[in-house]
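Below is one structure, written out as structure tokens, with a few remarks after it.
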Amino acid sequence: MNAGDIVRIDPRRPLRLAVAPDGPPPGRMSRLARRALLARFASLDRGRLVLLEGGARHGFGDEADPLQATVAVRHPWAFAAIAFGGGAGLADAYADGLWDADDLVASLRILLAAAERSATSGWIGRVGALSEALRRGFRRASGPPGPAAPARSELGIEFLSLFLDDTLSYSCGIFEHPRATLREAQVAKLERVCRKLDLRPGQSLLEIGSGWGGLAIHAARRHGVRVASLTRSRAQHAYATARVRAAGLADQVEVLFADYRDVVGTFDRVVSLEMVEALAGRSERETYFRAIRERLADDGLALVQAITVPESRASRRERARRESERVVFPGIRIPSATGLLDAAARASDLRLFHMEEIGPHYARTLRAWRERLLARWDDARALGRDERFLRAFLYDLAACEAGFEERYLGDVQLLFARPRARRAPILAALPPPALD
């Protein structure tokens, strides 16, 4: 096998660098970077990584490990970009076509495991953290709009429609059986949210972060509730409003261009799917939970779905925040579940009633999005998206998938109750016990 055998996107098309390198040929720094990376890969204790460069072939890790990937270095500058640029350099080098892999997700899972192991050795501070690529990736590929930066809507509904299902849900689906389609998973997620909230006809529901209108329409149509859905995106406001009207639900659903902090009134239920990640730190999260409490009836329920990292990684990432803000959108914080619960306790009388981790479903959701995007690659190009943008977006989806596969990232549904709420317990369906 040689580097030419690596399939970039379509086996019918030869790989070309998305960006032609300029400047002087790689020099001493690139050679130093190469030696440093090869030395680091030599200590892999998870996965099998094969590195191809020119006519050379290097193997690292356990050949028997089922997690395997082959990486082709297309240009020597890739070594310096990765070694000195860290996670962002790794992502940018891929977008530029400087390296490729036969299995992008597997290669990133191996590198993520190596980065996690290196976090305690000090090496990660010298070459950067792959975890920051995941932060950067999640912000672009799945990051929710909020008061600080409504970037998701800026991708455009035409582009998003290429890989989302027709619910236009841009958050984690729930695959209830092995053969579930992406659409079935997203509908299952919407229905699961509504059932946890114990929605009843005639109730009022406040949605913080409308997305493209999928949840509001589902809740109104299937459960007969009245919905006020908030967004800070003009594009989402216009599109979701049109969808509501087309569904004949204009008398039940109102999409508002408004900040959640400016809403008045009391609602029976509140829901917010993957919006809290856009809030910058503990103070804004406390403001968010305070606002939920102020809008929620004394016997009300609120469901917050959020992408998370484990508490130990959250504190480590916060220490690296200043470095990461050179390359990611400033102010973005993926919280820990502990941090969210702490913010809710500090700012409100909301009580945790039920918590469910659905993160493993996100890896499958992201894989479905990635495969659908690959199948519509030429259509994306026809929309004016150039090769570098598409490779960067593909990388981000793969990096997020790797993060969820490795349990570096999680996704939780937190159901909160006000003190007077009397919802029946939510019991999980467990498989029958094994017989002796």
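The values are calculated or read from the model by the stated rules, or taken from the named source; none is laboratory data. The shown structure was predicted, so the numbers you read here are calculated from the model rather than taken from an experiment. Note: ideal-geometry Cβ built from the backbone for every residue, glycine included; neighbour counts use all protein chains shown. Accessible surface is based on the protein model in full, side chains and every heavy atom, while ligands, DNA and RNA are left aside. Shrake-Rupley method; radii C 1.70, N 1.55, O 1.52, S 1.80 Å.
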Kindly indicate the residue of the stretch 262-283 that is free of Cβ contacts under 8 Å to residues at least 40 places away in the same chain and in a helix (DSSP H, G or I) and also most open to solvent (accessible area, probe 1.4 Å) among those meeting that condition. Asp262
I'm trying to understand the selection: among the residues of the stretch 365-418, which are among the small types (Gly, Ala, Ser) and in a helix (DSSP H, G or I)? Ala368, Ala375, Ala380, Ala382, Ala392, Ala398, Ala399, Ala402, Gly403
I'm trying to understand the selection: among the residues of the stretch 50-83, which are in a loop (DSSP other than H, G, I, E, B), open to solvent by 40 Å² or more (accessible area, probe 1.4 Å) and farther than 23 Å from Leu32 by Cβ? Asp62, Glu63, Ala64, Pro66
Of Leu301, Leu249, Leu256, which residue is assigned to a loop (DSSP other than H, G, I, E, B) and either under 29 Å from Pro425 (Cβ atoms) or modelled with pLDDT of 95 or more (or both)? Leu249
Tell me yes or no: at least one residue of the stretch 287-296 is charged (D, E, K, R), assigned to a helix (DSSP H, G or I) and at pLDDT below 95. no
Filtered residues of the stretch 351-399 (kept if free of Cβ contacts under 8 Å to residues at least 60 places away in the same chain and among the polar types (S, T, N, Q)): none
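Listed here are the residues, each with its yes/no results for (1) at pLDDT 55 or above; (2) open to solvent by 80 Å² or more (accessible area, probe 1.4 Å); (3) not in a helix (DSSP H, G or I).
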position	(1), (2), (3)
Ala314	yes, no, no
Arg317	no, no, no
Glu323	no, yes, no
Pro330	no, yes, yes
Ala343	yes, no, no
Arg346	yes, yes, no
His354	yes, no, yes
Pro360	yes, no, no
Of everything in the stretch 213-234, what is within 15 Å of Ser169 (Cα to Cα) and not polar (S, T, N, Q)? Give them in sequence order. Gly213, Gly214, Leu215, Ala216, Ile217, His218, Ala219
Test for Ser131: is it modelled with pLDDT under 65, in a helix (DSSP H, G or I), of a type in the set (Ser, Thr, Tyr) and under 30 Å from Asp259 (Cβ atoms): no
With (1) in contact (Cβ under 8 Å) with a residue 24 or more places away in the chain; (2) open to solvent by less than 40 Å² (accessible area, probe 1.4 Å) as the list, and Asp45 as the residue in question, which single condition is left unmet? (2)
